[in-house]
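Comments concern the structure below.
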Amino acid sequence: MSSLSRELVFLILQFLEEEKFKESVHKLEKESGFYFNMKYFEDKVQAGEWEEVEKYLTGFTKADDNRYSMKIFFEIRKQKYLEALDRQDKAKAVEILVTDLKVFSTFNEELYKEITQLLVLGNFRENEQLSKYGDTKTARSIMLIELKKLIEANPLFRDKLVFPALKSSRLRTLINQRYYYIFHDNLFIIYLLFIRYQLFMCYHHATNISFEFKFTIPVDSLFLSDMSSLNWQHQLCKNPRSNPDIKTLFTDHTCNPPNGPLAPTAVSLPVGKPAAYPALGAHGPFPPTAATANANALAGWMANASASSSVQAAVVTASSIPVLPNQVPILKRPLTPPAPGMVDYQSPEHEQLMKRLRPAQSVDEVTYPIPRHQTSWSVEDLPGTVAFTIHQGSLVTSMSFHPSHPTVLLVGCNSGEITLWELGSRDKLVSKAFKIWDLPSYSMTFQAAVKETTISVNKVSWSPDGNFLGAAFAKHLIHLYSCHVSNDLRQQKEIEAHTGSVNDLAFAYPNKQLCVVTCGDDKLIKVWDLNGRKLFNFEGHEAPVYSVCPHHKENIQFIFSTATDGKIKAWLYDSMGSRVDYDAPGHSCTTMLYSADGSRLFSCGTSKDGESFLVEWNESEGAIKRTYKGLRKKSTDVVQFDTTQNHFLAVGEDGQIKFWDMDNINLLTSIDAEGGLASIPRLRFNKEGSILAVTTADSGFKILANAAGLRYVKISPPSAISNVSPLNLKVERSSPARPSPILNGVDPIVRGMEKPRIVEEVVDKAKPWQLTEIVDTVQCQLVTMPDTTDTSVKVVRLLYTNSGVGVLALGANGVQKLWKWARNEQNPSGKATASVVPQHWQPNSGLLMNNDVAGVNLEEAVPCIALSKNDSYVMSACGGKISLFNMMTFKVMTTFMSPPPASTFLAFHPQDNNIIAIGMEDSTIHIYNVRVDEVKSKLRGHQKRITGLAFSTNLNILVSSGADAQICVWSIDTWEKRKLVPIQIPSGKAPNGDTRVQFHADQIRLLIVHETQLAIYDAAKMDRIRQWIPQDALSAPITYAAYSCNSQLIYATFMDGNIGVFDADTLRLRCRIAPTAYLSPAILNGSQPVFPLVVATHPLEPNQLAIGLNDGSVKVMEPMELEGRWGAPPPVDNGILGARAGSSSGASNHTVEPIQR
């Protein structure tokens, strides 16, 4: 609907309100969806007219539109349900439960079950969470406060919560103005009667009543057409000008005096209600400074740019903007495309824009504001020397260098993992496995989508200041992180940005506010602030949007977007639609990039037929300036490219990197980087162009550098680099691609043009590595859980809650304890921390979570525990039945699986909380469906009790471990056994004790823990990659081990009280925590040895761990704030990770196995 038609609806609403047609007003509000009457909504909620409340809401949103809408409908239906229970109308409550609330069970079944259980209570206030529920009126008022917040935050209600300011009887005024000069007053009265009658009939659904006028004028269409054009209002102007531009019904049109100022009317950006959605231009409009001729260059692209938009208005303020004499004809040329597929729009707005532009200097005098100095260059400037290869572990899908730190690289993978690398030291600074931060708050469409497969990263990108980074995923989401120190990523915002895949993400600064621009398969481009508020929504593409390229020329901020059908569009930050619409060469799926100085625009892409194009654009005309030669005619995927040094272009294709000089269409040179590159490699330069990262075929990336880049990564440049010529760089077609040998995740060998060099020869030895040893309480942060004074009860199982706010311990007596951290000034995040003492949490009822231990020999029992993903329920057993506890009330919801055999290990299915894998004492594994109370399958393969279970959704397998020191791999689809592998026990050791298994975040590498060893396996083939055996200062048997949340560290506890912190990729020890660091001298000198039996790692903080000890105590530990981590990564020794370190306690005798590829 046009904006004038929308305004007409507001005028009719005002008219109906003034005429007291209340019911018609609200029906038109609902059916048009233009204005949400909050007062009317509040009145209906307070009156408990729930049917009308929902009916009115459906004019604006549906329950499954987004998380805000879902929450709105849920709160309303929950209140209706509680009111039925409160008046003891159980039949009505059941009806509401089945018909209204059942829909929400698909995304939160535990919550639905808990709501259902309220039926059996005499008074639902017996439920602790509802104990403060007052009377109906108070409850409705409290709910209304929440609903108003949700509505104001819901993007679907944006621009719909404020009625425009209108003079009274505005519709009457317009009709009177029009027809007072044409017909007599009686016709005006008839018009009013007609409108009144027509609307009354329409909104009371009395369409079967006819009404005929006795004159031949089609009254309604004439009226509406006159209202839409409004050109008749021009007759009322004192100084009418030709071709009036009348745009609103809300105010009377007037022409400016002839030869008067042409200052445009300020138009605010359309971001809705100021209280809930601050305007993008929060710091004022764009300053009306004079722009350079580049504004006109952009006008060549944006021939349809409206002078009334806020951005353009600022640019064309007054008449001070210069324009090239030869550019005006370009903008006024006939509608003949200057390039194949281009469409040029002409409009009255365009004519007005041209009238405001005056000639200025000649074309030779105008360039980009920052002058480009011609500098000498040679092929040596290209980063062509292979410095090293890094094995990421998953297919690399996107890379981005930090804007100010030339050796910090952000990497995104198809496993959903994002990683921050410091290339100078080869350190993996931070790694974040994909995890949905707040799944229950999302739409049901999204929740269904994410259950299916792993969500790949499509794009990673840094903000221009380097303080934020973003990741766009293949399903709906983007993640924003703040990054103010090199080794710390903090969650900023998770946004359900698009329906389907989010294909691209970029940062932009419209009006000096940092924003995020995204595009997706839903054919939309969206602009978000860093708090997740949607500021703009651009529609117009007819195919999925493949990429976005935000840019600016002086004060003009704009976005280029490309779609998979080859269409390219340009947008200003307003609601006026796209300014250009043309085809990429070959209708290719393409990406657009500017040169580093912003003066030149390039695009590169591949058509559906596989033909690739690399071109430079003439921005002044929107035409192709040059097409580069040397790309294949048949590519299997969309080729990727990058620009550097304002002089070079690089494209990844055919397992090679191809380089062009920007000013020459012929291929400059190409290299294969010693082979092993992906067929269509992704590549990225650092800002200086001294380092180039390029993806490999074996889930890694290579780092190439020029002489300056080699110094950055602490490698001496090869002496032959100065003699390199394009011919030397050229790859022989006959030479096969040679995969790089990779040891322990990092290929340390420099692959230069002439002679490989060992890193040890050139690595900076000024700071020799030392093992970090924590031997005193002052060297770390430590907190002991309160109420753990019963030294006779060992802590045998330990978990963090998934939200990271609590620790749950299971004792050998079957009793579970929960500690929670409160949100306060000392701990504003409310997350678990070693700097604040938590609370031993219990419900008001005083209940304990006691397992069924009747008739159980606790000395022989094997306690087990598992926590649901949303922390609502915990399932545990201690030799008896399995009990399912409500985490809020501690009540036992149900019990099942009575022994014998007793359960020994529990694991929830990662995609279905109703499916539980239960390891048994008799060596079997039961696949149990809680919903139907039925064992679906029994898996047999072990000889002794089950001691560990781990699911991998990537490989679609369940891995089990047993007290028989064997590992079984099972298919999740059929529950058939795929493989049985005995762990390799060191010679002289007996295969006794428990074996535990845990998957790395990539869901491929598997950690196997036995008292005799730590081992990493490739679970796809069950090949051992490496092994560590207790030795030196850590020679005692291992009691437990676990990955950190980012899978970069492994924490292992030992029977002598030591704790080892290992690098997860290399199994090299980086830190030893001695028992003297966390135990008092009295305990250390006691008669009974005290040591950790179990370790748990925080779900969000990789350097935080909790230990459960055999004296019943639980402790949480973190490194000192100044340190921030447990020691430094071990060095690379002579190209092999794993040689002995100087300190005996850091020595590693682990076995390195070659990775099978």
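The values are calculated or read from the model by the stated rules, or taken from the named source; none is laboratory data. Note that the structure is predicted; figures quoted are calculated from it, not measured. All Cβ positions, glycine included, derive from the backbone under ideal geometry; neighbour counts span all protein chains shown. These accessible areas exclude ligands, DNA and RNA; they are computed on the full protein's heavy atoms, side chains included. Shrake-Rupley method; radii C 1.70, N 1.55, O 1.52, S 1.80 Å.
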In the stretch 626-642, the residues that are open to solvent by 30 Å² or more (accessible area, probe 1.4 Å), farther than 14 Å from A584 by Cβ and not in a loop (DSSP other than H, G, I, E, B): R626, Q640
The stretch 790-834, subset free of Cβ contacts under 8 Å to residues at least 12 places away in the same chain and among the charged types (D, E, K, R), residue nearest to I436 (Cα to Cα): R823
Residue satisfying condition, being β-branched (V, I, T) and buried (at least 22 other Cβ atoms within 10 Å of the Cβ), within set I1004, I1038: I1038
Scan of the stretch 437-478 for residues that are over 24 Å from P406 (Cβ atoms), open to solvent by 40 Å² or more (accessible area, probe 1.4 Å) and among the polar types (S, T, N, Q), ordered by number: T445, T453, T454, N458
Per-region count, the stretch 369-401, residues modelled with pLDDT under 90 and touching a Gly at 6+ places or on another chain (Cβ under 6 Å): 0
Residues satisfying the stated conditions in the stretch 566-575, i.e. assigned to a loop (DSSP other than H, G, I, E, B), touching a helix residue (DSSP H, G or I) at 6+ places or on another chain (Cβ under 7 Å) and more than 22 Å from T643 (Cβ to Cβ): Y573, D574
Residue match in the stretch 48-58 (condition: surrounded by 21 or more Cβ atoms within 10 Å (Cβ to Cβ) and more than 26 Å from Y133 (Cβ to Cβ)): no
Residues of the stretch 411-436 classified as open to solvent by less than 10 Å² (accessible area, probe 1.4 Å), among the aliphatic types (A, V, I, L, M) and over 18 Å from the mean Cα position of the chain (by Cα), total: 1
Unmet requirement for I925, which otherwise passes all of (1) open to solvent by 10 Å² or more (accessible area, probe 1.4 Å); (2) more than 20 Å from K794 (Cα to Cα); (3) in contact (Cβ under 8 Å) with a residue 24 or more places away in the chain: (1)
Residues that are at negative phi and either at pLDDT 90 or above or in contact with a Pro (Cβ under 8 Å, 6 or more places away or on another chain) (or both), drawn from the stretch 553-567: N555, Q557, F558, I559, F560, S561, T562, A563, T564, D565, K567
Unmet criterion (only one of (1) surrounded by fewer than 20 Cβ atoms within 10 Å (Cβ to Cβ); (2) touching a Leu at 6+ places or on another chain (Cβ under 8 Å); (3) not aliphatic (A, V, I, L, M)) for P899: (2)
Test: residue in the stretch 820-828 that is of a type in the set (G, A, S) and part of a strand (DSSP E or B): no
Residue identified as farther than 22 Å from M897 by Cβ, buried (at least 20 other Cβ atoms within 10 Å of the Cβ) and among the polar types (S, T, N, Q) among Q1013, Q966: Q1013
Close pairs from the stretch 964-981: first without any contact (Cβ under 8 Å) to a residue 40 or more places away in the chain and under 16 Å from G948 (Cβ atoms), partner open to solvent by 40 Å² or more (accessible area, probe 1.4 Å) and assigned to a loop (DSSP other than H, G, I, E, B), Cβ under 8 Å, at least 6 apart: Q966/Q943
Residue, nearest to the chain's Cα centre (by Cα), within the stretch 896-952, restricted to residues that are assigned to a strand (DSSP E or B) and charged (D, E, K, R): D912
Of residues in the stretch 819-846 being over 31 Å from the mean Cα position of the chain (by Cα) and within 18 Å of T889 (Cα to Cα), the one most open to solvent (accessible area, probe 1.4 Å): N844
Any chance W437 is more than 26 Å from T106 (Cα to Cα) and of a type outside the set (S, T, Y): no
Residue selected from the stretch 520-546 under the condition within 16 Å of D574 (Cα to Cα) and touching an Asp or Glu at 6+ places or on another chain (Cβ under 9 Å), by the criterion surrounded by the most Cβ atoms within 10 Å (Cβ to Cβ): I525
Those residues of the stretch 399-410 which are open to solvent by 10 Å² or more (accessible area, probe 1.4 Å), in a strand (DSSP E or B) and either touching a Phe, Trp or Tyr at 6+ places or on another chain (Cβ under 6 Å) or small (G, A, S) (or both), in sequence order: S400
Complete set of residues in the stretch 660-676 that are of a type in the set (A, V, I, L, M) and either open to solvent by 50 Å² or more (accessible area, probe 1.4 Å) or free of Cβ contacts under 8 Å to residues at least 12 places away in the same chain (or both): I665, L667
Filtered residue count, the stretch 550-573, keeping only those that are under 26 Å from P464 (Cα atoms) and open to solvent by less than 10 Å² (accessible area, probe 1.4 Å): 13
